[in-house]
Amino acid sequence: MKLLTIVPARAGSKGIKNKNFINFLGKPLIEHTLDFAKKIENNKILICSDYKNIKKYEKKFQTINGYVRPKKLSKDNTMLHQTLYHAIKWILKEGTIDFDYILVLQPTSPLRSYKDINKSIEIIKKKRRK
């Protein structure tokens, strides 16, 4: 099973400026998420961001390069599904990444467990076999 993990991390925020990139327990929130994603097997990671310095994270975590979240999909009122749809369309158009399922990990929710993700993957695999 091949997984595509999308990490939506827009730069702008009204409440907390650049909240996806603020320090939490010694490193930016986005790094907690990318560290987590890197440990998942058969996984390709796409950072979905309009952040100017996102390239350093793409390089450091060896994520899919080249995607830039459009400004029109980086507003306070943009729905997550719109952003995901655009990113997935881009991946399919590029044609370089093969995936069976999509996992969305939001940097603002860093307290997650591998046990929960692995259990979810096992449930999907069982349903798929039926």
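At R0 = 22 Å, how high is the FRET efficiency between LYS14 and LYS39 if r is their beta carbon distance? Nearest 0.05 is fine.
That pair, LYS14 with LYS39, gives E of 0.10.
GNM on the chain, C-alpha springs below 10 Å: top fluctuator among GLU41, GLU31, GLU58?
GLU41
Measure off, as a whole percent, the carbon and sulfur share of the 1.4 Å-probe accessible area of the chain, all protein chains present. Can you show the working numbers first?
Numbers: 4380 of 8350 Å².
C and S atoms contribute 52 percent here.
Might you report the magnitude of the Cβ-based charge dipole of the chain about its Cα centre, with Lys and Arg at +1 and Asp and Glu at -1, to the nearest 20 debye? Don't jump to the answer; show the numbers that get you there.
Numbers: 29 positive and 11 negative charges, 30 e Å.
I would put it at about 140 debye.
Decide, for segment 7-77, between rounded, prolate and oblate: order the square roots of the alpha carbon gyration tensor eigenvalues as a ≥ b ≥ c, take rounded if a/c falls under 1.5, and otherwise choose prolate if a/b is larger than b/c, else oblate. Working shown, then result.
Numbers: a/c = 2.01, a/b = 1.28, b/c = 1.57.
Cα axes put segment 7-77 in the oblate bin.
Could you tell me the calculated FRET efficiency between ILE123 and LYS55, based on Cβ-Cβ distance and R0 = 22 angstrom, to the nearest 0.05? Spell out each step's value before the answer.
Details: r = 36 Å, r/R0 = 1.61.
Computed FRET efficiency for ILE123 and LYS55: 0.05.
Once amide H atoms are built 1.01 Å from N in the peptide plane, which residues 5 or more positions from PHE24, or in another chain, come under 5 Å H to H?
LEU29
Once you charge only the Cβ atoms, +1 for Lys and Arg and -1 for Asp and Glu, what is the size of the charge dipole of segment 1-61 about its Cα centre, to the nearest 20 debye?
Details: 14 positive and 5 negative charges, 40 e Å.
Using only the charged Cβ atoms, the result is roughly 200 debye.
Quick check: residue separation of ASP116 and LYS27 times 0.36 nm, minus the Cα distance between them. What number comes out in nm?
Numbers: separation 89, 0.36 × 89 = 32.04 nm, distance 2.31 nm.
Here the segment from ASP116 to LYS27 would lengthen by 29.7 nm.
Give the cross-link partners of LYS2 among the aspartates and glutamates, using a straight C-alpha distance below 15 Å as the criterion and excluding same-chain residues fewer than 8 apart.
Straight-distance partners of LYS2: GLU41, ASP98, ASP100, GLU122.
From the phi angles alone, apply the Karplus equation (6.51, -1.76, 1.60; θ = phi - 60°) to segment 65-75 and give each ³J(HN,Hα) in whole Hz, x where the residue is Gly or Pro.
Computed from phi, the couplings for segment 65-75 are 9, x, 7, 10, 5, x, 4, 5, 9, 10, 9 Hz.
Please list, in chain and number order, the residues 5+ apart from ASN18 or on another chain whose amide H is under 5 Å from its amide H, with Hs placed from the backbone.
SER13
Along segment 39-55, what does the Karplus equation 6.51 cos²θ - 1.76 cosθ + 1.60 (θ = phi - 60°) give for ³J(HN,Hα), rounded to whole Hz, x for Gly and Pro?
Taking θ as phi minus 60°, the curve returns 7, 7, 5, 6, 10, 10, 10, 10, 8, 9, 8, 10, 5, 4, 9, 5, 4 Hz for segment 39-55.
Report, by chain and number, residues whose modeled amide H sits under 5 Å from the one on LEU103, excluding near sequence neighbours (fewer than 5 apart, same chain).
LEU4, THR5, ILE6
Pick from LEU25, LEU34, LEU92: which is most flexible by mean-square fluctuation in a GNM of the chain where alpha carbon atoms under 10 Å apart are linked?
LEU25
Given a 1.4 Å probe and heavy atoms of the protein chains only, how would you sort LEU103, LEU46, largest accessible area at the top?
Values: LEU103 30, LEU46 0 Å².
Most to least solvent-accessible, the answer reads LEU103, LEU46.
From the square roots a ≥ b ≥ c of the eigenvalues of the alpha-carbon gyration tensor of segment 70-110, which class results: rounded (a/c under 1.5), prolate (a/b over b/c), or oblate? Please report the intermediate quantities before stating the final value.
On the way: a/c = 2.68, a/b = 1.34, b/c = 2.00.
Oblate, because a/c is 1.5 or more while a/b does not exceed b/c.
The values are calculated or read from the model by the stated rules, or taken from the named source; none is laboratory data. Note that the structure is predicted; figures quoted are calculated from it, not measured. When we count neighbours, we look across all protein chains shown, and the Cβ atoms used for this are built from the backbone with ideal geometry, even at glycine. Ligands, DNA and RNA are stripped out before the accessible areas are found, and what is left, the full protein with its side chains, is counted by its heavy atoms. Shrake-Rupley method; radii C 1.70, N 1.55, O 1.52, S 1.80 Å.
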